[in-house]
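The values are calculated or read from the model by the stated rules, or taken from the named source; none is laboratory data. Values in this document were obtained by computation on a predicted structure and should not be read as measured data. Positions of Cβ are backbone-derived with ideal geometry, glycine not excepted, and every protein chain shown enters the neighbour counts. Quick note on the areas: whole protein, heavy atoms, side chains included, nothing else; ligands and nucleic acids left out. Shrake-Rupley method; radii C 1.70, N 1.55, O 1.52, S 1.80 Å.
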Amino acid sequence: MAFLELADLRVKYGNIEVIHGINVRVEEGDIIAILGANGAGKSTTLLTISGLVKPSGGSISFRDAPIHRFPAHTIVKLGIAQVPEGRRVFGTLTVRENLNLGSFVSKDKQAISKTLAWIYELFPILSERREQLAGTLSGGEQQMLAIGRALMSRPKILLLDEPSLGLAPLLVMTILQTLREINRSGVTIVLVEQNARAALKLAHRGYVLELGNVVIEDDSAALIANAEVQAAYLGGGIA
Amino acid sequence: MIRQLKSIGIPAVLFACLPLFLNAYWIDVLNSVGIYAILGLSLNLIVGHTGLFNLGHAAFYAVGAYTAAILNTKFQVPVLLLIPVCGFAAGLFALVVSKPIIHLRGDYLCIVTIGVGEIVRIALINDVFGITGGSNGIFGISRPSLFGFVIRTPLEFFYLIWAFAAITVLLFHLLERSRFGRALNYLREDEVAAEGSGINTAHYKLASFVIGAAWAGMTGNLFAAKMTIISPDSFTFWESVVMFAIVILGGSGSIPGVLVGAFLIVGLPEVFREFANARMLVFGAAMMVMMVFRTQGLLPARPRPYAIPALPEGEGGE
Amino acid sequence: MEQFFQQLTNGLAVGSIYALIALGYTMVYGVLKLINFAHSDLFTLGAYLGLTLLSSLLLVDRLGPLGGALVLAAMVMGLVAVAGALLDRVAYRPLRESPRLSAVVSALGASIFLQNTIMLIYGARYRVYPPDILPKASIHMLGVDIPLVRILILGASVIMMAGLFVFIQKTRIGTAIRAAAIDQGAARLMGIDVNRVILLVFMVGPALGGAAGLMVGLYYGQINFTMGWGYGLKAFTAAILGGIGNIPGAMVGGILLGLIESMSAAYLSFAWKDAIAFCVLILILIVRPTGLLGERVAEKV
Amino acid sequence: MSLLSLQRLTKNFGGLTAVSSLSFDVQPGSIVGLIGPNGAGKTTVFNLITGIYLPDQGEIMFRQSSILGMRTHKIVSLGIARTFQTIRLFQNLSVLENVLAGCHCQMRSGVLSSMFHTRRQRLEEREALTRSVRALDFVGLRAQAGQLARNLSYGNQRLLELARALATGPQLLILDEPAGGMNEQETRRLVALISKLRDTGITVLLIEHDMTLVMRVCEKIVVLEYGSKIAEGSPEAVKNDPKVIEAYLGTEKEW
Amino acid sequence: AETVKIGLMAPMTGSWASEGAEMKQVCDLLAEQVNAKGGVAGKKIEVITEDDGGVPQTAALAAQRLAALKVTVVIGTYGSAVTEASQNIFDEQKIIQIANGSTAIRLTEKGLKYFLRTCPRDDEQAKVAAQTIRKLGVKKLAILHDNSTYAKGLADETKGLLAADKGVEIVFFDALTPKEQDYTTVLTKMKSFQPEMVFFTGYYGEAGLLLKQAKQMNWKVTFMGGDATNNPDLVKSAGKDASAGFYFLSAPLPKDLPSEDAKAFLATFTKKYGNPPNSIYAVLAGDGLRVALEAIAKTNSTDTEKVADYLHKNLKDFPGLTGKISFNDKGDRVGEVYRVYKVNEEGLFILQP
Ligand SMILES: Nc1ncnc2c1ncn2[C@@H]1O[C@H](COP(=O)(O)OP(=O)(O)OP(=O)(O)O)[C@@H](O)[C@H]1O
Ligand SMILES: Nc1ncnc2c1ncn2[C@@H]1O[C@H](COP(=O)(O)OP(=O)(O)OP(=O)(O)O)[C@@H](O)[C@H]1O
Ligand SMILES: [Mg+2]
Ligand SMILES: [Mg+2]
């Protein structure tokens, strides 16, 4: 009984298969890290979970119910939110409107304003800029907005595609810490990160993708210790 | 090279023989197709390659046609000699009107081009400067002649028009595969990135507009020569729409596509004549259906081929 | 002076109709970045449906002029909304992922199709609304008579504009519509059913166009299957003038265009009025490249 | 003699001062890092240098002459090339053509020679192709030359942007978060690439949040906060500057 | 069996589709009647309709198509510019063309042997217009056209004829944009010049709106229209009270013709299609067909040279549906065709003495 399970998942773009039958299990309350080189298929995997890309084979189930045929907006309603690669904030809407859209699926006004307050607390700069158009925010500010927006839906599972991208080091730490807190409050997290060391430190378990296949799957401690992983993803170490 | 000759040459020769088996009506339909094909190609440069939303191309066509008509009827200059003059006039006109507006984005540019088209048409109707003949237009344009041979029948026009079309195809094909053609594509794709790669976007936008307009102007000359009368009715917004549809339906940025587009957009209403007054209904439906089933156009542009040079050993890489 | 005021009211009357049609253009454009050329024919359809319903249901006889007109408007708007939704399903939805200009050509095809369908059903001749449906009263102001109907039309346009504005800017669904306009994929990730949103847009926009068609029919009395093109072009111009995608912009653009036309017709030349209107448009765009109330540009590199 | 010199540069957006009286120099042949918290104004500085924005005040000198107010393409052809923080490739064109865009400003043929494919034009074209392939080779994307840019993964798109910038033949390369979206191994390769660039005589100015990279390649680092310079100096010095630690780096805490 | 092929070139689509539809109805009915009586010169006739869309380019193609079908005579078409685009094609192929609605003067000034028309020229009409204006004692006149070839031509001609006349002052001369619906702007402007009469040379659709809107503005001025306003739809769209008192020029309406032929035809038409023909031009197309058949019958040949000769020289006072028909050398219809009509309170068109 897995919380979220990808079974033999295959994905094609046009005629080219880029995910070749991967299996991923996520238990409730887990933090899962997905590592992999450029073009390994990490983003594709997340997009497929969210329903923006349709699998060509295999299945995705959430609480044992298949969801891979559901349209994207229904999947959000189930409680799976995503911080997409490249942020994709709504550039001509204000920061506040962006955040409001994050809670589009929720109807509970009170809960929404509580979450909003929390997010402003988390990212004070967003609160300062609430009337600024999202498109004119700096790269890092947009990243914060994207994360905040996803959190606004109070998801059960949060998928993050490189959340630390473009964030200042100080903020990377804050965000990873926040993720841990969020996780403690009961949210399951699937994290795609290039900053593998930090990601593995945070995660309970990890998967390594290569060219559309899962090549390694283990506890994070074991992954950190894994020679291959070290060579490929942890090589330099943070200065 | 030989293969290219075969794949283009043989159909071209067959096409050149085609009128020998057709009656005057069908030849004239082909002539119409030819004129619209050239217009489509010229618009393709602007819309397809550069991505400028131009729905007023008829204005430049009109400038060319009227230049030919006025100079021919007033000063008896042989029509065909006027081809470069018409191109120049239309190009100049395009330069003047598009200079201040070329920076407009997408649909704003679109409405301005529509506006320019309408202004030109209204000016023609109102007999601007007293030389356009108002809504009557200009009549009595002399038949074109080549080396003393007067062109009058549809068959003769067929060769004139399609020769010009062939030259256009060749030149535009070469233009496409050059620094110039690529530059247009870059600014279609992303203006900021193009500018950031060192491309003078304003210059290229203008250049593509002017060349496209000049070509439409030259086509206007052919049209005037063929019809011998021209009037503002032939240069309405609808004409611009037809040219636009040819480009998009055929395949934006694709020369074979535009040719096919011209055949369909001009030819189909003729084929549908048997539907009598429902023919435009059928045509509209056909337009939708074709677009829905071939969303990229019938023959979308194919990537340019490049012969990637072999680098000497040891160069590049890590 | 009297002539000036008279022309002012003339311009307002035409302008408010432009504005009403422009709202529909802007609405659809705002979401799909598609110039819905068929909008003008949905407008025509509204006028013809109004005529059919009016003469077949005898609404005015049964419900009196005001009640009849309101019920009629509701019915016409409903029917045109359905037509709009169908149009979207058939002609635009398959083109969602393809280049923007492809959809423009599909829209042109749809426009030709609709226009000729109307011609084949209703005939090519002018059709005439039954006379004297709307009250003939008029108000005397500043030395000119202003027919009540004109004020009603202007009022209706303003009300619809305001309603639409509030709907788009202030409501949850409205924000969703704008989000879908920017990035459909990201909008889906917010839980927005993008196809439903677009469908909604394709019902509201055409419904407004249909209402405009009905008003034109009721007020001017004479309708024709080609009348959409002219109005459509003007309304599109108006939408751009105000800044396309911007709802108050459509209103301002429409009214302004009406005024420019009537003033240039009155004080310059009638035959040149459209050319003058376009010249003014171009001048305005040179100064303000995204229209009077232009869209908020947020392109940061 | 500095290659690039910013003098008291200021840029406001409405009420917000994004860059405030900023001055610093870039010496030829050096690698300079520009760091600072998010929203500090780094990208804005790049946009000012490349002429996308016009500064409200200040002066920008490149090779001793002002480039203030020049159009971007002009600045590029003078020898400043850049990459973008949010990737801006020609998504629907091939990888090779993306790089060829960079070669544009070094080519001369105009409309007519393009239309008639003169001999010189063909020669020039061949040269440009060679140069592009070389640039692709350099970043390791040669095998993907025929693919559409949009089908590249995020990290590879970054490399392609770099190749395109290189193809303009720059003296000064300015990179906005080049390592964004790269894992450590890839980042290491990038570090090697950048060092190699410097060895060929290209000066680099870069924005990066990956301190591994910054500390490893930069000779000088400029730190911005709220649009103003709060520190400037060698990596060592900057790393230990309390102001920088407070504003940007944070105290390194183990996880 | 062999047939005599007659082409009908008409706007079946586009803005003038309603005219085209009626032209076709008239010609089809006539052909039916003639064939029922055994045809002409021993052969059945066949009417082939081609759509010109009201656009010159399309017309040129339609003309080529008819020429390729080897028709003997072509009836049509409506607009002058459209006709002009087809003239040379027919002339070069020696096909007789009898236009029904193209009134521009120059069409017959080119010396084309095979071109004739049943409609009168703009200058004919302008003459009658000027006469009527004088007769009604108008001192201040506004002339409004719609910038179409036809309307502009009529307006210009009339203006020219009245220019020499000290008695009539033209206080306003401008064009409206056809197919719009709100003409209060131009009415307001004209009103400020205080003319006694407005001569509108455009079409009935706009005329109807002008009348209606002038009435709404409480502007009591006499309107007069050219023959393109001769259409019962005018009264429908303007309303009876607004159109009462409207003058217009036209060839005699079928009901006002003494000819039994005309009356009978009118009755059959009404029976077949449910309403009498609205457009005089449709009836003129019928007359074109009838003279053509007459000439073919009389010469007993489909040799177009002979037929054309007959039409130019021998056809005298043929009893047409619109009056007596003869042609001059240029191919123009001779004789005063125009009558003045006025709309009465019931919305009926009353022939003025
Ligand atoms: N829209 C698309 N069309 C075609 N191919 C695609 C598309 N998107 C991605 N690909 C290809 O699919 C593969 C996987 O891409 P994906 O974006 O999932 O990789 P990734 O692991 O997220 O890489 P990165 O770390 O660079 O973001 C790559 O080879 C990429 O080129
Ligand atoms: N066009 C604009 N309009 C309004 N504000 C802007 C605009 N461009 C940038 N800003 C603001 O200026 C500030 C500096 O932005 P900039 O993009 O230069 O930051 P940055 O240092 O590059 O940050 P990051 O590291 O997050 O990319 C930000 O607060 C941003 O919101
Ligand atoms: Mg990715
Ligand atoms: Mg930045």
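Where in segment C:125-238 are there helices (runs of 4 or more DSSP H), lying wholly inside it, with at least 1 residues that are among the hydrophobic types (A, V, I, L, M, F, W, C) and surrounded by fewer than 18 Cβ atoms within 10 Å (Cβ to Cβ)?
So the answer is C:148-170, C:172-182, C:194-220.
Which is acidic (Asp, Glu), over 18 Å from the mean Cα position of the chain (by Cα) and surrounded by fewer than 24 Cβ atoms within 10 Å (Cβ to Cβ), of E:ASP256, E:ASP233, E:ASP241?
Every option except E:ASP241 fails the conditions.
So the check is Cβ under 7 Å with 6+ separation or different chains; which pairs have a first residue in segment D:25-38 that's over 20 Å from A:MET144 (Cβ atoms) and a second one that's within 11 Å of ligand 4 (Cβ to nearest atom)?
Close Cβ pairs satisfying both conditions: D:GLY33/D:GLU208; D:LEU34/D:LYS42; D:LEU34/D:VAL45; D:LEU34/D:ILE207; D:LEU34/D:LEU224.
Pick from segment B:276-288 the residues that are among the hydrophobic types (A, V, I, L, M, F, W, C) and more than 8 Å from chain C (Cβ to nearest Cβ): which of them is most open to solvent (accessible area, probe 1.4 Å)?
Filtering segment B:276-288 for residues that are among the hydrophobic types (A, V, I, L, M, F, W, C) and more than 8 Å from chain C (Cβ to nearest Cβ), the one most open to solvent (accessible area, probe 1.4 Å) comes out as B:ALA276.
Just a yes or no: is a residue in segment D:248-255 in a loop (DSSP other than H, G, I, E, B), touching a helix residue (DSSP H, G or I) at 6+ places or on another chain (Cβ under 6 Å) and either within 11 Å of another protein chain (Cβ to nearest Cβ) or aromatic (Phe, Trp, Tyr) (or both)?
Looking through segment D:248-255, at least one residue is in a loop (DSSP other than H, G, I, E, B), touching a helix residue (DSSP H, G or I) at 6+ places or on another chain (Cβ under 6 Å) and either within 11 Å of another protein chain (Cβ to nearest Cβ) or aromatic (Phe, Trp, Tyr) (or both).
Under the condition of being more than 6 Å from ligand 2 (Cβ to nearest atom) and of a type in the set (Val, Ile, Thr), which residue from segment D:27-47 is surrounded by the most Cβ atoms within 10 Å (Cβ to Cβ)?
D:VAL45
Checking the condition under 14 Å from A:ARG149 (Cβ atoms), buried (at least 23 other Cβ atoms within 10 Å of the Cβ) and not charged (D, E, K, R), which residue from A:LEU93, A:LEU99 passes?
The conditions single out A:LEU99.
When you check A:ILE75 against the structure, is it open to solvent by less than 10 Å² (accessible area, probe 1.4 Å), more than 9 Å from every other protein chain (Cβ to nearest Cβ), assigned to a helix (DSSP H, G or I) and among the β-branched types (Val, Ile, Thr), yes or no?
So A:ILE75 does not fit the description; no.
For residues in segment A:174-216 being among the charged types (D, E, K, R) and more than 14 Å from every other protein chain (Cβ to nearest Cβ), which is farthest from A:SER43 (Cα to Cα)?
Checking each candidate, the answer is A:ARG184.
Filter segment D:61-78 for residues that are out of contact with any strand residue (DSSP E or B) (no Cβ under 6 Å at 6 or more places or on another chain) and open to solvent by less than 10 Å² (accessible area, probe 1.4 Å); which is nearest to ligand 1 (Cβ to nearest atom)?
D:VAL76
Could you say whether any residue in segment C:72-87 is over 23 Å from C:ILE118 (Cα atoms) and either of a type in the set (A, V, I, L, M) or open to solvent by less than 50 Å² (accessible area, probe 1.4 Å) (or both)?
No, segment C:72-87 contains no residue that is over 23 Å from C:ILE118 (Cα atoms) and either of a type in the set (A, V, I, L, M) or open to solvent by less than 50 Å² (accessible area, probe 1.4 Å) (or both).
Return the residue satisfying two criteria in turn: it lies in segment D:235-250 and is among the small types (Gly, Ala, Ser) and open to solvent by less than 50 Å² (accessible area, probe 1.4 Å), and of such residues it is nearest to the chain's Cα centre (by Cα).
D:ALA247
Can you tell which of B:ALA301, B:ALA262 is hydrophobic (A, V, I, L, M, F, W, C), within 30 Å of D:ALA143 (Cβ to Cβ) and more than 8 Å from every other protein chain (Cβ to nearest Cβ)?
B:ALA301
Specify which of the listed residues (C:LEU51, C:LEU63, C:LEU23) is more than 30 Å from C:ARG178 (Cα to Cα) and away from every other protein chain (no Cβ under 14 Å).
Criteria check complete, one pass: C:LEU63.
Residues that are open to solvent by 30 Å² or more (accessible area, probe 1.4 Å) and in contact with a strand residue (DSSP E or B) (Cβ under 8 Å, 6 or more places away or on another chain): find the strands (runs of 3 or more DSSP E) completely inside segment E:288-353 holding 2 or more of those.
Of the strands (runs of 3 or more DSSP E) lying wholly inside segment E:288-353, those with at least 2 residues that are open to solvent by 30 Å² or more (accessible area, probe 1.4 Å) and in contact with a strand residue (DSSP E or B) (Cβ under 8 Å, 6 or more places away or on another chain) span E:339-343, E:349-351.
Can you name every residue in segment A:124-147 that is of a type in the set (Gly, Ala, Ser), within 16 Å of ligand 4 (Cβ to nearest atom) and modelled with pLDDT of 90 or more?
Once the filter is applied, which keeps residues that are of a type in the set (Gly, Ala, Ser), within 16 Å of ligand 4 (Cβ to nearest atom) and modelled with pLDDT of 90 or more, segment A:124-147 yields A:ALA134, A:ALA146.
Looking at segment D:165-199 only, could you name the residues that are over 12 Å from D:ILE87 (Cα atoms), of a type outside the set (A, V, I, L, M) and away from ligand 3 (no atom under 16 Å from the Cβ)?
Selection gives D:THR168, D:GLY169, D:PRO170, D:GLN171, D:ARG188, D:ARG189, D:SER195, D:LYS196, D:ARG198, D:ASP199.
Just checking, which of C:ALA238, C:ALA186 is at pLDDT 90 or above and within 7 Å of another protein chain (Cβ to nearest Cβ)?
Residue meeting the stated conditions: C:ALA186.
Could you list, in sequence order, the residues of segment A:26-64 that are in a loop (DSSP other than H, G, I, E, B), crowded, with 23+ Cβ neighbours inside 10 Å and within 13 Å of ligand 1 (Cβ to nearest atom)?
A:ALA40, A:GLY41, listed by residue number.
Return the residues of segment D:114-135 that are more than 8 Å from chain B (Cβ to nearest Cβ) and open to solvent by less than 40 Å² (accessible area, probe 1.4 Å); say none if nothing qualifies.
Within segment D:114-135, D:SER132, D:ALA135 meet the criteria.
Kindly provide the set of residues from segment A:143-158 that are buried (at least 24 other Cβ atoms within 10 Å of the Cβ) and assigned to a loop (DSSP other than H, G, I, E, B), ordered by number.
Scanning segment A:143-158 gives A:MET152, A:SER153.
Residues of segment D:145-198 being within 16 Å of ligand 4 (Cβ to nearest atom) and away from chain A (no Cβ under 13 Å), which ones?
If the condition is that a residue be within 16 Å of ligand 4 (Cβ to nearest atom) and away from chain A (no Cβ under 13 Å), then D:GLU161, D:ILE174, D:LEU175 are the ones that fit.
Could you check segment E:16-116 for strands (runs of 3 or more DSSP E) lying wholly inside it with 1 or more residues that are in contact with a helix residue (DSSP H, G or I) (Cβ under 6 Å, 6 or more places away or on another chain) and either of a type in the set (S, T, N, Q) or surrounded by fewer than 19 Cβ atoms within 10 Å (Cβ to Cβ) (or both)?
Qualifying strands (runs of 3 or more DSSP E): E:44-51, E:96-99.
Is it the case that D:GLN85 is at pLDDT below 90, within 16 Å of ligand 2 (Cβ to nearest atom) and crowded, with 20+ Cβ neighbours inside 10 Å?
In short, yes.
I'm trying to understand the selection: among the residues of segment A:40-75, which are among the small types (Gly, Ala, Ser) and in contact (Cβ under 8 Å) with a residue 24 or more places away in the chain?
A:ALA40, A:GLY41, A:SER43, A:SER50, A:GLY51, A:SER56, A:GLY57, A:GLY58, A:SER59, A:SER61
I'd like to verify a number: residues in segment A:186-195 that are farther than 15 Å from A:ILE147 by Cβ and either more than 14 Å from ligand 3 (Cβ to nearest atom) or modelled with pLDDT of 90 or more (or both), how many?
2
Of the residues that sit in segment D:90-112 and are more than 7 Å from every other protein chain (Cβ to nearest Cβ) and surrounded by 19 or more Cβ atoms within 10 Å (Cβ to Cβ), which one is nearest to D:THR72 (Cα to Cα)?
Restricting to residues being more than 7 Å from every other protein chain (Cβ to nearest Cβ) and surrounded by 19 or more Cβ atoms within 10 Å (Cβ to Cβ), the top hit is D:CYS103.
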